[in-house]
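Derivation of every value follows stated rules applied to the coordinates shown; laboratory data play no part. Owing to the predicted nature of the structure, the values given are computational and were not obtained by experimental measurement. Cβ: placed from backbone, ideal geometry, glycine included. Neighbour counts: every protein chain shown.
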Amino acid sequence: MDDQQLWSFGTARLAAMRETLSGKAAELLSRQFKLYRQIKEEHAAIVADIDAASVCRDCKGQCCLNGKYRINSLDYLARLAEGIPTVADFTCKPLCPYGSENGCTMEPGLRPSDCVLFVCDEIDRKLSPQARTSLAGLEQNLRECIQDSSHLIGEEVGVPLLLWAERNSLS
Ligand code: SF4
């Protein structure tokens, strides 16, 4: 399968899996989605506070190039739960398949966690010690959220969606 086929296969399988969750598990997962979004928003707000936007504007989003493995299964499911479609176009390489020529189309709380957590050297230099400590704590919380969600679903939802799909397509 090529990337587009893996994407279609993986997203269809995740959507079907979500449908099979029992009422209690679905409710707990829905709480995890809210937490996942909230942590990402808090992380992004700290980075935005040091005017990361101007750094990103100057470098023209080099960290977003070749981003096909950025989105994990939980990122996708969280967007699905919000009713927000995730479009992927793997023909626009090296641009990110989930972005556009004008940058990322996803709001921070519903952006892949890998993208939210990535802090480049330029931005890192601008962070205060206190901000660094806060970001480290939020990263820990985000990883715990991914782990707890994986237990609920019975799948490693922190794995890049395309890799997860590839693994499942072979089993
Ligand atoms: S999803 Fe958005 S932030 Fe992440 S690499 Fe793609 S364009 Fe960049």
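Set the Förster distance to 35 Å, then compute FRET efficiency between Asn66 and Asp148 from the Cβ-Cβ distance, nearest 0.05.
It comes out at approximately 0.70.
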Notebook entry, point to check: Along the positive direction of the dipole of the chain (beta-carbon charges: Lys, Arg +1; Asp, Glu -1; about the Cα centre), which of Ala52, Pro108, His151 reaches farthest?
Noted result: His151
Notebook entry, point to check: To the nearest 20 debye, what is the magnitude of the charge dipole of the chain about its Cα centre, counting +1 on the Cβ of each Lys and Arg and -1 on the Cβ of each Asp and Glu?
Noted result: 140
Note to self: At 0.692 mPa s and 37 °C, plugging the Kirkwood radius over alpha-carbon pairs of segment 3-170 into Stokes-Einstein gives what diffusion coefficient in µm²/s?
What the structure shows: 197
Check: Using a Förster distance of 35 Å, how high is the FRET efficiency between Ala48 and Ala12, based on the Cβ-Cβ distance and rounded to 0.05?
Finding: 0.50
Check: Using a simple spin-label model with points 7 Å from Cα along the Cα→Cβ vector, what separation in nm is obtained for Cys59 and Asp124?
Finding: 1.0
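Could you sort out which of Lys60/Lys93; Lys24/Lys68; Lys60/Lys126; Lys40/Lys60 sit more than 25 Å apart by Cα distance in this structure?
Flagged as over cut-off: Lys24/Lys68.
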Check: If R0 is 25 Å, what FRET efficiency do you get for Gln5 and Glu156 from their C-beta distance, rounded to 0.05?
Finding: 0.75
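Sorting check: for 22-28, 147-153, which peptide has the highest mean count of neighbouring beta carbons within 10 Å, and how do the rest follow? Intermediate values should be presented prior to the final figure.
Working: 22-28: 11.0, 147-153: 16.9.
Final packing ranking: 147-153, 22-28.
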